[in-house]
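Data block below; observations after.
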Amino acid sequence: MEANNQIDDIREELNEIRKQVNAGELFQSLSGRLESLVNSVKCETTVSDVQLPDDNDGIRDLLTQLNDQLRDESLITVSDQQVLQLVRHIGSPDPNVRDKGIYFLFNDLIQQHLLSDQQMTMVVRYLTSDTVLFAHILEPENDAVYQRAFAVLLLSVMMYADRAGYHFLDQDLVNQVVDQLALYMVLEADTRGFIKTNGWAHAFTHIGNLLDELSEREHLKRADKLFLMAIIIERYKTLDGPLIFGEPQRLAGYLARLTNKNQLYADYFLKQLKHWRQELVVVQQQESQSGWNRIYNRGRLIESMIVRHDFNDSIMQYLRSVIDFLA
């Protein structure tokens, strides 16, 4: 109950910040507000019982059936019940069900326009629900991360599908995605990439995917795009775990595309890069494992941006000036 109360409090604060950014009332102090909010998150010390989907309920047979029908071109429709059964298994710890199964299948179903607008809407509402996106999110590393991370990944697929021709999203649903992603970024702390036999979690790569899709939406306000970028910057700074499975490269790609869209984003991002370097002086003095992870996470992001060489001149000039060991 305390965790739920904290999540609701953070949601309320984020909603207020978003409103102020959109009203033009918050810009210079945006990073400070978000930094305080991110640092205020209190995590649990133990993991409660994680309820994983039952992969013996016929999900493997359903995957085989639908894939066979796709291959022989006999699949015409997918029932609502089948769609729900699929998305309810995105939390499976089995990568053959979660990743190579459901994720790949959804891509195929969408490409062949086998899902109705109503089903696409149903999936987005399911994926953005609190019970899916924030399950056990304030607890130490746990198996609920697969559901959380793959919900974000599938949301990026849904957003792309809408942009590429489905056009099923209304503004209320887009706003729900923005609000829930903002809250998810503040709360998520699991930086694991590939996990032993369970495969990919990759939460922060998937965040990059969804941020990228939202940045491409013509009808999403610039203020909202700035709001989301500001959050990922502040969250990235404070992650205690190492990001070593391509997350910096993915986020660098998103940041390059966004900052090249409008000088507003570029100016804000350059300001935060400079401030970030100053903050690291304090982090270095702490001499802790989490502190060094933060330092090298920044270094990997800087390196990824330099290698891309597609930021604007002012950002590239700053990146080239970063000559210390942190980059």
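The values are calculated or read from the model by the stated rules, or taken from the named source; none is laboratory data. Treat the numbers as computed from the prediction; the structure is a model and nothing was measured. So basically every Cβ, Gly included, is an ideal-geometry build from the backbone, and we count neighbours across all protein chains shown. Calculation scope for accessible area: heavy atoms of the full protein, side chains included, ligands and nucleic acids excluded. Shrake-Rupley method; radii C 1.70, N 1.55, O 1.52, S 1.80 Å.
Descriptive notes on the structure:
- The helix-based estimate of mean residue ellipticity at 222 nm for the chain, built from -39,500 (n - 2.57) per DSSP H run of four or more residues and divided by its residue count, is -20000 deg cm²/dmol to the nearest 500.
- Relative to the dominant Cα principal axis of the chain, helix 117-127 is inclined by about 50°.
- As a rough guide to protection, the peptides 46-52, 162-168 ranked by mean Cβ packing within 10 Å, highest first, stand as 162-168, 46-52.
- At a probe radius of 1.4 angstrom, the accessible area of region 110-242 per residue rounds to 33 square angstrom.
- Degrees between helix 59-71 axis and first principal axis of the chain (Cα, 0 to 90, nearest 10): 80 degrees
- Ordering of 169-176, 229-236 by packing [mean C-beta count within 10 Å, highest first]: 229-236, 169-176
- Label-reachable residues, region 225-260, where backbone N falls under 17 Å from a point 7 Å from D313's Cα toward its Cβ: 260
- Charge dipole magnitude, Cβ of K and R +1, D and E -1 - region 227-307, Cα centre, debye nearest 20: 240 debye
- The angle separating the long axis of helix 222-238 from the principal Cα axis of greatest extent in the chain is about 80 degrees.
- Cross-link reach is defined here as a Cα-Cα straight distance under 26 Å, omitting same-chain residues fewer than 8 places apart; for K42 the lysines meeting it are K19, K237.
- Full-stretch length increase - D172, D8 - with 0.36 nm per residue and alpha-carbon distance subtracted: 57.1 nm
- Amide H contacts under 5 Å for W200, placed H, 5+ residues apart: I195
- Sulfur and carbon atoms: percent of accessible area, the chain [1.4 Å]: 48 percent
- Each peptide in 187-193, 78-84 was scored by the mean count of other Cβ atoms within 10 Å over its residues; highest first, the order is 187-193, 78-84.
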